1. Considering each residue of the stretch C:171-196, count those that are touching a helix residue (DSSP H, G or I) at 6+ places or on another chain (Cβ under 7 Å) and either within 14 Å of chain A (Cβ to nearest Cβ) or outside any loop (DSSP other than H, G, I, E, B) (or both), and give that number.
2. Only one residue in B:Thr46, B:Thr111, B:Thr115 is of a type outside the set (Phe, Trp, Tyr) and touching a strand residue (DSSP E or B) at 6+ places or on another chain (Cβ under 7 Å), so which one is that?
3. Quick one: would you say C:Met90 is closer than 18 Å to A:Leu64 by Cβ, facing another protein chain (nearest Cβ under 8 Å) and surrounded by 20 or more Cβ atoms within 10 Å (Cβ to Cβ)?
4. Do we find a residue being charged (D, E, K, R) and buried (at least 20 other Cβ atoms within 10 Å of the Cβ) anywhere in the stretch A:109-119?
5. Does the stretch B:63-85 include one or more residues that are closer than 20 Å to B:Phe218 by Cβ and out of contact with any Phe, Trp or Tyr (no Cβ under 7 Å at 6 or more places or on another chain)?
6. Go through (1) within 14 Å of chain C (Cβ to nearest Cβ); (2) of a type in the set (D, E, K, R); (3) within 30 Å of B:Pro12 (Cβ to Cβ) one by one and return the number of the condition D:Glu126 breaks.
7. Tell me whether the stretch B:15-27 contains one or more residues that are outside any helix (DSSP H, G or I), of a type in the set (Gly, Ala, Ser) and either closer than 30 Å to B:Arg155 by Cα or more than 10 Å from chain A (Cβ to nearest Cβ) (or both).
8. Determine the pairs where a residue that is basic (Lys, Arg), located within the stretch A:14-25, has a partner that is part of a helix (DSSP H, G or I) with Cβ atoms under 9 Å apart, the partner being 6 or more residues away or on another chain.
Protein chains: 4
Amino acid sequence: MKRKDYEALLEPMQVELVAMERWVRDTGQRLVVLVEGRDTAGKGGTVDAIRMHMNPRSVHVAALPKPSEREQHEWYFQRYVRHFPTGGDMVLFDRSWYNRAGVERVMGFCTPAQTDAFLRDVPDFEALLVRDGFAFFKFYLVIGRDMQLMRFHERRHDPFKRWKITDVDLAAIDKWSDYTRAQDDIFKRTSSKLAPWIIVRANDQRRARLETIRWVLFHSDYAGKDARAVGEPDANIIGTGPSYFKAE
Amino acid sequence: MKRKDYEALLEPMQVELVAMERWVRDTGQRLVVLVEGRDTAGKGGTVDAIRMHMNPRSVHVAALPKPSEREQHEWYFQRYVRHFPTGGDMVLFDRSWYNRAGVERVMGFCTPAQTDAFLRDVPDFEALLVRDGFAFFKFYLVIGRDMQLMRFHERRHDPFKRWKITDVDLAAIDKWSDYTRAQDDIFKRTSSKLAPWIIVRANDQRRARLETIRWVLFHSDYAGKDARAVGEPDANIIGTGPSYFKAE
Amino acid sequence: MKRKDYEALLEPMQVELVAMERWVRDTGQRLVVLVEGRDTAGKGGTVDAIRMHMNPRSVHVAALPKPSEREQHEWYFQRYVRHFPTGGDMVLFDRSWYNRAGVERVMGFCTPAQTDAFLRDVPDFEALLVRDGFAFFKFYLVIGRDMQLMRFHERRHDPFKRWKITDVDLAAIDKWSDYTRAQDDIFKRTSSKLAPWIIVRANDQRRARLETIRWVLFHSDYAGKDARAVGEPDANIIGTGPSYFKAE
Amino acid sequence: MKRKDYEALLEPMQVELVAMERWVRDTGQRLVVLVEGRDTAGKGGTVDAIRMHMNPRSVHVAALPKPSEREQHEWYFQRYVRHFPTGGDMVLFDRSWYNRAGVERVMGFCTPAQTDAFLRDVPDFEALLVRDGFAFFKFYLVIGRDMQLMRFHERRHDPFKRWKITDVDLAAIDKWSDYTRAQDDIFKRTSSKLAPWIIVRANDQRRARLETIRWVLFHSDYAGKDARAVGEPDANIIGTGPSYFKAE
């Protein structure tokens, strides 16, 4: 999608996001948006597109660094819980607790037993949040192998994005199949009725961002929604759960 | 039990607690002891008896004040999670998340739906902790009505304990049956295989403290345990789960 | 300044910011940038221009909401201290502790004695940070009255910026002179040798952003600095301390 | 002092402490008591004697473990600031920021420059707290060399106190003179008008506890003070500032 078309489509949706944010604040909602995906899938850009025009005093981005020594020995979810919203706030997770079933698993930063325990426990954990009243969206951006290679290449030559490349990232290239297996397990074992994965085809980043925002808007009952500006989710780009992804 | 006899029995067990604490620290255990019970049941005294000779740098008491405005709108468990131990630490909860099914329910500080949701969710929450490797003990001190009346009377006339009496506490006297119903529901709905209630007859406070400490020691595999000093839990005082309590 | 020219000038400086960020991380610097100014002066946009290409895992924006009940009774600086960087991190404050001498003073949210105490104490507080090794920059964006009116007008009609307008903001229009007096006192009493105010003429937002970034780069000794890309601060736009401002 | 006499004298003062605590809570005071001294000087016991009958929901003990990796690179005072009281609360520091001029200096855990910077900065830091309205007491328990040797000996043979002995502690014996120099510098450089050291002769632990509590009570204007129960500080035991200590 061209930048110009993207911006023309994005603008009315960001107006809606601002309306939604006001509703979150006025009615005391707690909204959590979690964005996952392989390296270069576009997680950070998606998070930025959502928060761009929002009030930094009530919309927070949680992009956690690697756990401290203390955090490593805490209850696994504890360091994420610290960033949960209070009433009226939104938190956007750029990566999340799913690290344990993704990068940590593939790179050997945790034991297979720990990954397995995580995959078993995470649906219960998320169910607790949803049943407590959180509006919880979890998006998984999927990209193809060629696209990942191309983006890594770009990053290496883009002076702004060089910080994004670490050894762990480069390993992602060689470990494509390991990450695929990790991704499969995540979809199979952690998509639940209360907290389904919303899978987004993200080879076209701009389209992916639009559809992600649209999904949040479409599924939120904020006051003054302009249904025309929101539109309907594009089933070719975005959809729910593992079965959707299999069609990929 | 007389003070002299109590101290003679307590001393060797506190030596064991110190040994257990070293083991917790050296092997990176995370130990949580939660003490619940009606007003005047002896929660604070039990917590103090456990921590008395322990290292305040690794053994923490969590006796939380009423929730702040911000905390009231967070995920219900969040403010307790903040106090969870990291590896090598112990946390003793003097009162706990069960407030929602006890004082908050009886005094109308939350809605019946909130209490019901709590009773439904808490076993899942605690299961997450135990499956993550927490050593988790939850004790419920039970007392009779006459004993509560006597202790309230004492408190009112004890210059050290006057701070312990608030209007909410005094209401406890009139609401004895409401608290009994609350207690019954807690036992029925929240004693699980992974996190069973350990119920302690606490009309005799000293005996209750001894048996609580003994239970923790007996069920912990610390190095250098002196089985004779620990002894065996006294089934007339302490036991597991609602059925035990029904025998009361 | 036109958008195209701005972007052409901004780009090489953002490459430098990325280099500086790597140095901050590799050498364990702690960098704090504080951005103050009247409503509509462009604080948020300046912060965004700095962080745009930086790693969200080590560069944090602190845009604090109004203090909670608990925070209101803490040591005044405590809630800001919570957000201070550890080694290798940067924190960008969008508004700051100077609220007490700005909005809180003008709107009567604190007593004159509290403002006075703040103005007396803040140089000592900041000196502690600088002497402890913080790289600390504090920028004050100054705008003219007509510019503020124009921008408020814009905001009211910009669907993205409507959230930025609160009653407190609108009061800013009527209270222009009160804010001027507050500003004067801030400059006179809180610009110290260790923590001088860097005053930025911000009627042209783009130019103000460029000069702010340039100042940080120019005064940081990061490895691999490209002196040509950084250039030299424009003394017509940016400079140090109250005397500079008086020339305004 | 004999245990029986001690308890007879302590009791009425603890009744006063409870009254003072109510005043702290009702009038929103923030009270910080810091207890320092060589190893075995009796810091923990003094803190315990103060808090014994107080409400654990508003009186907190801060006995911090060694700093985490993250904390080591923060602003030096930051990890202590985290534990500061809000209105209505008391915090008792068992050891404190003075570590930097005591154990860290003597054991080489920090550089001489860091100790020197600390000694230079700490009066400014404490002045900020006092001028912000904190009721701030800092006590230094002094003991003689023979007493320290005797207590270390006791600890080694007391099963409850064995945890208190670490290699760092044992080094204290050999480093008596280094600690004396450290202590001298602390008194000379950090006793200020706003935050003077209150020096307590602590060879007799019980007497030291009584005089410490008495000092807090005597210098606090709580409602309903019983001046007879409080009495007057015993100038043979307790007094202000370095000059007092020199008389030792």
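The values are calculated or read from the model by the stated rules, or taken from the named source; none is laboratory data. For clarity, every value in this text was computed on a predicted model and none was experimentally measured. Note that we place each Cβ from the backbone using ideal geometry, even for glycine, and neighbour counts take in every protein chain shown.
1. Final tally of qualifying residues: 12.
2. B:Thr46
3. Taking the combined requirement at face value, the residue does not satisfy it.
4. no
5. Looking for residues that are closer than 20 Å to B:Phe218 by Cβ and out of contact with any Phe, Trp or Tyr (no Cβ under 7 Å at 6 or more places or on another chain), one finds none in the stretch B:63-85, hence no.
6. So the condition that D:Glu126 fails would be (3).
7. Scanning the stretch B:15-27, I find no residue that is outside any helix (DSSP H, G or I), of a type in the set (Gly, Ala, Ser) and either closer than 30 Å to B:Arg155 by Cα or more than 10 Å from chain A (Cβ to nearest Cβ) (or both), so the answer is no.
8. From the stretch A:14-25, the pairs are A:Arg22/C:Arg162; A:Arg22/C:Trp163; A:Arg25/C:Trp163.
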